[in-house]
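> Can you keep this structure in mind? I'll have questions shortly.
The values are calculated or read from the model by the stated rules, or taken from the named source; none is laboratory data. Treat the numbers as computed from the prediction; the structure is a model and nothing was measured. Heads up, the Cβs are rebuilt from the backbone with ideal geometry, glycines too, and the neighbour counts pull from every protein chain shown.
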């Protein structure tokens, strides 16, 4: 897989037009989408390689009570809604990127884009219907473009914005979730007296392995031709809260940041999913929790654990905070 990504990158640099969106091909793949009302230039949408659902989403998730194949410090998405909790291992999401599910009575879509290290949960309830999502096989700014099966609108995973199609210009609602270690997720399940529910992978993927070996130390994003931040390595990790980005290095040094009514805390014990060939061997990045004080209580809020180039691309080059 690493070799394939390298060849794609080289081909892209040699002939960018070969990876631009082919409208006639896209219309055949997505016949419900006319591609006539984009809110962006369609020329910036690129092929990621696989076709529609070539990276297969999980539509009927199965959950286990325990899974000893997951390293204790491996990253997982932990989601808790209406007294129900679920654990979605990144080692599974790396190979599927989208899980259409329901938790606590709420239809949700759990997403992970490895090229952006973007783990985001969306509410599937939208304008009086319930959407379910697939992978379009396309990227913008190196980020996954999803589509909904009801209208085949293209959606930007990092922002939740509809790009072209019936819902172009509209935005999906993000749901607070945590990117934490498997061990921490199990602790929270036990502490909150929840039943343990761990997403199970299928049979045809090498779960636990990282097909993007060395990516977060590569110094440059794949399939990306936008501008880069000038004062920080584009592949440095950042935490994005309320449209502001803080370098992970700063948060690691401070251990806790208090910004107005927001508290950002850092704890060691979370593997990089994108460094070593085995996720469990990745270096310790540490996990972050972002909470807001409300009525004397701390509640979790939406945040992004991503790369500097991603924030730069989707937030108009705003400066990343590296010191206080």
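> For region 78-87, does any single residue satisfy the condition of being within 30 Å of residue 169 (Cβ to Cβ), in contact with a strand residue (DSSP E or B) (Cβ under 8 Å, 6 or more places away or on another chain) and in contact (Cβ under 8 Å) with a residue 60 or more places away in the chain? So that I can check it myself, show each step before the final result.
Of region 78-87, the ones within 30 Å of residue 169 (Cβ to Cβ) are 79, 81.
Add one more test, that the residue is in contact with a strand residue (DSSP E or B) (Cβ under 8 Å, 6 or more places away or on another chain), and what stays is 79, 81.
Those still in the list that are in contact (Cβ under 8 Å) with a residue 60 or more places away in the chain too: 79, 81.
So far as region 78-87 goes, yes, one or more of its residues are within 30 Å of residue 169 (Cβ to Cβ), in contact with a strand residue (DSSP E or B) (Cβ under 8 Å, 6 or more places away or on another chain) and in contact (Cβ under 8 Å) with a residue 60 or more places away in the chain.
> Only residues in region 270-297 that are at pLDDT below 95 count as the first member; pair them with residues that are exposed (fewer than 15 other Cβ atoms within 10 Å of the Cβ) and not in a loop (DSSP other than H, G, I, E, B), Cβ under 9 angstrom, at least 6 apart or cross-chain, and list the lot.
The qualifying pairs are 293/299.
> So which residues in region 258-272 are crowded, with 20+ Cβ neighbours inside 10 Å and touching a strand residue (DSSP E or B) at 6+ places or on another chain (Cβ under 6 Å), if there are any at all?
264, 266, 270, listed by residue number.
> Let me ask you something else. Of everything in region 279-303, what is in contact with a helix residue (DSSP H, G or I) (Cβ under 8 Å, 6 or more places away or on another chain) and either under 19 Å from residue 251 (Cα atoms) or surrounded by fewer than 22 Cβ atoms within 10 Å (Cβ to Cβ) (or both)? Give them in sequence order.
Within region 279-303, the subset in contact with a helix residue (DSSP H, G or I) (Cβ under 8 Å, 6 or more places away or on another chain) is 279, 285-288.
Selection gives 285, 286, 287, 288.
> What are the pairs with Cβ atoms under 8 angstrom where one residue, in region 105-126, is on the phi > 0 side of the Ramachandran plot and touching a residue at least 24 places away in the same chain (Cβ under 8 Å) and the other, located anywhere, is assigned to a loop (DSSP other than H, G, I, E, B) and buried (at least 23 other Cβ atoms within 10 Å of the Cβ)? Sequence gap at least six, or different chains.
Final answer for the pair search is 117/273; 117/274.
> Hey, can you tell me all the residues within region 278-324 that are part of a loop (DSSP other than H, G, I, E, B) and out of contact with any strand residue (DSSP E or B) (no Cβ under 6 Å at 6 or more places or on another chain)?
Applying the first criterion (part of a loop (DSSP other than H, G, I, E, B)) to region 278-324 yields 282-283, 285-286, 295-296, 301-303, 315-320, 322-324.
The answer is 283, 285, 295, 296, 315, 316, 317, 318, 319, 323, 324.
> Scan region 161-176 residue by residue and report those that are in contact with a strand residue (DSSP E or B) (Cβ under 7 Å, 6 or more places away or on another chain), surrounded by fewer than 18 Cβ atoms within 10 Å (Cβ to Cβ) and part of a loop (DSSP other than H, G, I, E, B).
Of everything in region 161-176, those that are in contact with a strand residue (DSSP E or B) (Cβ under 7 Å, 6 or more places away or on another chain), surrounded by fewer than 18 Cβ atoms within 10 Å (Cβ to Cβ) and part of a loop (DSSP other than H, G, I, E, B) turn out to be 169, 170, 173, 176.
> For region 215-236, enumerate the residues that are in contact with a strand residue (DSSP E or B) (Cβ under 9 Å, 6 or more places away or on another chain) and loosely packed, with under 15 Cβ neighbours inside 10 Å.
Answer for region 215-236, where residues must be in contact with a strand residue (DSSP E or B) (Cβ under 9 Å, 6 or more places away or on another chain) and loosely packed, with under 15 Cβ neighbours inside 10 Å: just 225.
> Just to be sure, is residue 243 free of Cβ contacts under 8 Å to residues at least 24 places away in the same chain, surrounded by fewer than 16 Cβ atoms within 10 Å (Cβ to Cβ) and either within 23 Å of residue 208 (Cβ to Cβ) or within 19 Å of the chain's Cα centre (by Cα) (or both)?
Numbers: free of Cβ contacts under 8 Å to residues at least 24 places away in the same chain: no; surrounded by fewer than 16 Cβ atoms within 10 Å (Cβ to Cβ): yes; either within 23 Å of residue 208 (Cβ to Cβ) or within 19 Å of the chain's Cα centre (by Cα) (or both): yes.
For residue 243, the condition - free of Cβ contacts under 8 Å to residues at least 24 places away in the same chain, surrounded by fewer than 16 Cβ atoms within 10 Å (Cβ to Cβ) and either within 23 Å of residue 208 (Cβ to Cβ) or within 19 Å of the chain's Cα centre (by Cα) (or both) - is not met.
> Select from region 136-154 the residues that are in a loop (DSSP other than H, G, I, E, B) and more than 15 Å from the chain's Cα centre (by Cα) and write down the one among them that is nearest to residue 97 (Cα to Cα). Full working, then the answer.
Going through region 136-154, the residues in a loop (DSSP other than H, G, I, E, B) turn out to be 141-142, 149-153.
Next, only the ones that are more than 15 Å from the chain's Cα centre (by Cα) stay: 149-153.
Details: 149: 16, 150: 19, 151: 20, 152: 17, 153: 18 Å.
For region 136-154, the residue satisfying everything is 149.
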